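Presented below is the structure to which this report refers.
The values are calculated or read from the model by the stated rules, or taken from the named source; none is laboratory data. Just so you know, these numbers come straight off a predicted model, no measurement behind them. Positions of Cβ are backbone-derived with ideal geometry, glycine not excepted, and every protein chain shown enters the neighbour counts.
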Amino acid sequence: TDDITNAATPTVTGTAEANSTVTLYDTDGTTVLGTAVATGGNWSITSSTLSAGVHTLTAKATDVAGNTSVASSSLAVTVDTAAPVAPSAPDLATGSDSGTSSTDDITNAATPTVTGTAEANSTVTLYDTDGTTVLGTDVATGGNWSITSSTLSAGAHTLTAKATDVAGNVSVASSSLAVTIDTAAPVAPSAPDLAAGSDSGTSSTDDITNAATPTVTGTAEANSTVTLYDTDGTTVLGTAVATGGNWSITSSALSVGAHTLTAKATDAAGNIGVASTGLAVTVDTAAPAVSAPDLDAASDDGASNSDDSTTVTTPTFTGTAEANAVVTLKEGGTTLGTAVATGGVWSIASTTLTSGAHTVTATAVDTAGNSTVSAGLTVQITSTPTPTPTPTPTPTTTPTAGADSLEGGSSDDSIAGGAGDDSMIGGAGADNLDGDAGNDTIAGGEGGDFIRGLADNDSVNGGTGSDTVNGNQGDDVVNGGAGADTVFGGQGSDYVDGGDDDDGHVNGNLGGDTVHGGAGADTVYGGQGSDSVYGDAGDDRLSGDLGNDNLFGGAGADRFAFGANSGQDWIVDFNFAEGDRIQLAPGTAYAVVSFEGQVILDLGGGNTIGLAGVGTFDPSYVTFV
């Protein structure tokens, strides 16, 4: 009805006087396009060829008498024989191009929407691969068209479009669009697996970790997008593309506790597979508990089985820790042994320790890999003197129950005082002297002597040589004398002096003792009880051990060592400028408080270190060993 046509010789019809002859004229009113008789009053003329463009057609009727009518009203006709330009190549609408890409023309929509441009107001027809199967039509209003296709089968399709203009001219086919229809969901990914680098702790396969953002790996359909979910199946922890079929996702932060992780794969068409099998992961970021090491009573063979002094060079240490944690016994950076805290209890036989003081710690590592370093324990190793063969013995006097006077002479003698208040002199040689009962006076004399006062209140002097001197029971006066001595007060409230030279171990042991290192660089212990401990001259190491002790470094750069349960101690003459330092086990925490204008280090648990006369604290006063 729009009188626009691609027919160059269109047929034109009308009505006129019955049996009159009708003549059809072109625009100029003179060019005859054809004639016909209006049989019964109706006429039809097939025009001679019209040029492309607009034509104004009129008609005149001539009756049988030869009379000719005026021209009829006109008909405006447009002749258009030019085919429209081919439409643009079809394009899959963004909303229909499902999957990870909106431009890859892979979709799970079986009736996708396809768009493009064409001659304005032309009718566009969309064709399937064969070029004849029509998928839909639309008018290119304003030059744009959009067709929702009829159902496409799964697989590849090549879509083209043709435009038909208002004159009915049909364009050639457009460039094609290759579309893939994929409605099949991908296979579920493999069960997620905790990457070895994220499975911390003693096992790399137990899925217990201290990593709050662990890396999880697995396999899935190649190039699919894998989404990792938390326990509820909806909380997304991360995504990754399964390049070559393998994927790896670093999870967003997981809370402490158990999690069941699953994965789903989304293929390129946007199809989502079912969830994978779950992975049970435990996140544990809490540091394990561990006690300070304790010298096993069977290894603590000094004057007391709790004074941390021993002659055992491979002593056994015990303690508690988080159940099943791996405990490593260390001295500084040196590993002395490891054990598992089965049931929360551990026991480690140390590798060989040299004579002298050793501060050991325990490091516990739980199954998730969290670690804790304990407070330190200071132990004193005193190698048992090697027995020396006795030369031809000097005749000895058999001791009696009375007050004996015994002298060993020049050989390596063994002398026992027996009961009574005895006077004993070892003389030359490496002597073994036992005072036994009574208030004895014992002098080792020359040589490396082994002397014990035993019962009652004895006066013991090692004399010259590197001696081992022990007051044992009673309130004794014990002096190592000259030489590098090992000196013990034993039980009772003793006065202990290391004497001259560098003494490896001077220990008050039990009771409230007064302990002096004497001249030289000494290692001095108060032992149990509330003691007064003096380093005297030289660069000394002082430890009050248990009890509330007063420590006097004396001249030299002294080290004041404190462990767990050290009590309420005072350092009476702390002098940082002279080189004095406070030694604590690694990881030991302390708070600085003030008492009557003097610095107090509060170690917790009722244990404190007071610095007499020191009003200002500097962290450099403390070293961790």
Six or more apart or on different chains, Cβ under 7 Å: which pairs go from a residue in the stretch 132-148 that's at positive phi to one that's of a type in the set (Val, Ile, Thr) and not in a loop (DSSP other than H, G, I, E, B)? Could you list them?
136/147; 136/148; 143/117
Condition first: buried (at least 18 other Cβ atoms within 10 Å of the Cβ), assigned to a loop (DSSP other than H, G, I, E, B) and within 19 Å of the chain's Cα centre (by Cα). Now tell me which residues in the stretch 199-229 satisfy that.
199, 200, 201, 207, 210, 211, 214
Are there any pairs, at least 6 apart or on different chains, whose C-beta atoms fall under 9 Å, with the first in the stretch 580-594 and free of Cβ contacts under 8 Å to residues at least 24 places away in the same chain and the second among the small types (Gly, Ala, Ser) and assigned to a loop (DSSP other than H, G, I, E, B), and if so, which?
594/615
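So, restricting to strands (runs of 3 or more DSSP E) that lie completely within the stretch 568-619, which ones have at least 3 residues that are surrounded by 15 or more Cβ atoms within 10 Å (Cβ to Cβ)?
Numbers: elements: 568-571, 581-584, 591-595, 598-604, 607-611.
Output list reads 568-571, 581-584, 598-604, 607-611.
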Tell me which of these residue 248 doesn't satisfy, since it passes every other one: (1) crowded, with 21+ Cβ neighbours inside 10 Å; (2) in a strand (DSSP E or B).
(1)
Scan the stretch 271-327 residue by residue and report those that are without any contact (Cβ under 8 Å) to a residue 60 or more places away in the chain and under 30 Å from residue 231 (Cα atoms).
322, 323, 324, 325
Among the residues that make up the stretch 128-138, is at least one of them buried (at least 18 other Cβ atoms within 10 Å of the Cβ), among the polar types (S, T, N, Q) and farther than 30 Å from residue 21 by Cβ?
no
Residues of the stretch 46-69 satisfying the condition of being of a type in the set (A, V, I, L, M, F, W, C), surrounded by fewer than 20 Cβ atoms within 10 Å (Cβ to Cβ) and closer than 22 Å to residue 81 by Cα:
52, 54
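Within the stretch 1-105, considering only strands (runs of 3 or more DSSP E) that don't extend past its boundaries, which have at least 3 residues that are over 30 Å from residue 183 (Cβ atoms) and touching a residue at least 24 places away in the same chain (Cβ under 8 Å)? Break it down into steps so the answer makes sense when it comes.
Values: elements: 11-15, 21-25, 32-37, 42-46, 53-62, 75-79.
Once the strands (runs of 3 or more DSSP E) in the stretch 1-105 are filtered for at least 3 residues that are over 30 Å from residue 183 (Cβ atoms) and touching a residue at least 24 places away in the same chain (Cβ under 8 Å), what remains is 11-15, 21-25, 42-46, 53-62, 75-79.
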Residue among 184, 154 that is among the aliphatic types (A, V, I, L, M), without any contact (Cβ under 8 Å) to a residue 60 or more places away in the chain and over 30 Å from residue 1 (Cα atoms)
154
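Is it fair to say residue 83 is crowded, with 21+ Cβ neighbours inside 10 Å and either outside the structural domain of residue 47 (by TED's automatic domain parsing) or out of contact with any Phe, Trp or Tyr (no Cβ under 8 Å at 6 or more places or on another chain) (or both)? Lay out the reasoning, then the answer.
Values: crowded, with 21+ Cβ neighbours inside 10 Å: no; either outside the structural domain of residue 47 (by TED's automatic domain parsing) or out of contact with any Phe, Trp or Tyr (no Cβ under 8 Å at 6 or more places or on another chain) (or both): yes.
No: the conditions fail for residue 83.
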Out of the stretch 300-315, which residues are surrounded by fewer than 20 Cβ atoms within 10 Å (Cβ to Cβ) and hydroxyl-bearing (Ser, Thr, Tyr)?
304, 306, 311, 313, 314
Counting just the residues of the stretch 548-567 that are polar (S, T, N, Q) and crowded, with 16+ Cβ neighbours inside 10 Å, which one comes out farthest from the chain's Cα centre (by Cα)?
550
Matching entry among 289, 240, 297 (being of a type outside the set (S, T, N, Q), modelled with pLDDT of 95 or more and closer than 30 Å to residue 347 by Cβ)
289
Being more than 29 Å from residue 529 (Cβ to Cβ) and either surrounded by 20 or more Cβ atoms within 10 Å (Cβ to Cβ) or not hydrophobic (A, V, I, L, M, F, W, C) (or both) is true for just one of 333, 356, 319. Which residue is that?
333
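Here are 115, 111, 125, 100: which of them is modelled with pLDDT under 95 and outside the structural domain of residue 55 (by TED's automatic domain parsing)? Walk me through it before giving the result.
Values: 115 fails: modelled with pLDDT under 95; 111 fails: modelled with pLDDT under 95; 125 fails: modelled with pLDDT under 95.
After ruling out the rest, the residue left standing is 100.
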Among the listed residues 595, 617, which satisfies the condition of being of a type in the set (A, V, I, L, M, F, W, C), over 18 Å from residue 524 (Cα atoms) and modelled with pLDDT under 85?
595
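Suppose we keep only residues that are more than 16 Å from residue 217 (Cα to Cα) and either among the hydroxyl-bearing types (Ser, Thr, Tyr) or part of a strand (DSSP E or B) (or both) within the stretch 233-245. Which one would you say is nearest to the chain's Cα centre (by Cα)?
Of all residues in the stretch 233-245, those more than 16 Å from residue 217 (Cα to Cα) come to 233-235.
Those left that are additionally either among the hydroxyl-bearing types (Ser, Thr, Tyr) or part of a strand (DSSP E or B) (or both): 234-235.
Numbers: 234: 24, 235: 21 Å.
Applying the filter and picking the extreme gives 235.
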Among the residues of the stretch 261-291, write down those that are touching a Leu at 6+ places or on another chain (Cβ under 7 Å) and surrounded by fewer than 20 Cβ atoms within 10 Å (Cβ to Cβ).
278, 279
Can we say residue 36 is touching an Asp or Glu at 6+ places or on another chain (Cβ under 8 Å), more than 28 Å from residue 83 (Cα to Cα) and not assigned by TED's automatic domain parsing to the domain that holds residue 165?
no
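Out of all the residues in the stretch 165-179, which are farther than 14 Å from residue 120 by Cα and either hydrophobic (A, V, I, L, M, F, W, C) or buried (at least 17 other Cβ atoms within 10 Å of the Cβ) (or both)?
So the first thing to find is which residues in the stretch 165-179 are farther than 14 Å from residue 120 by Cα, and the list is 172-179.
Once the filter is applied, which keeps residues that are farther than 14 Å from residue 120 by Cα and either hydrophobic (A, V, I, L, M, F, W, C) or buried (at least 17 other Cβ atoms within 10 Å of the Cβ) (or both), the stretch 165-179 yields 172, 173, 174, 177, 178, 179.
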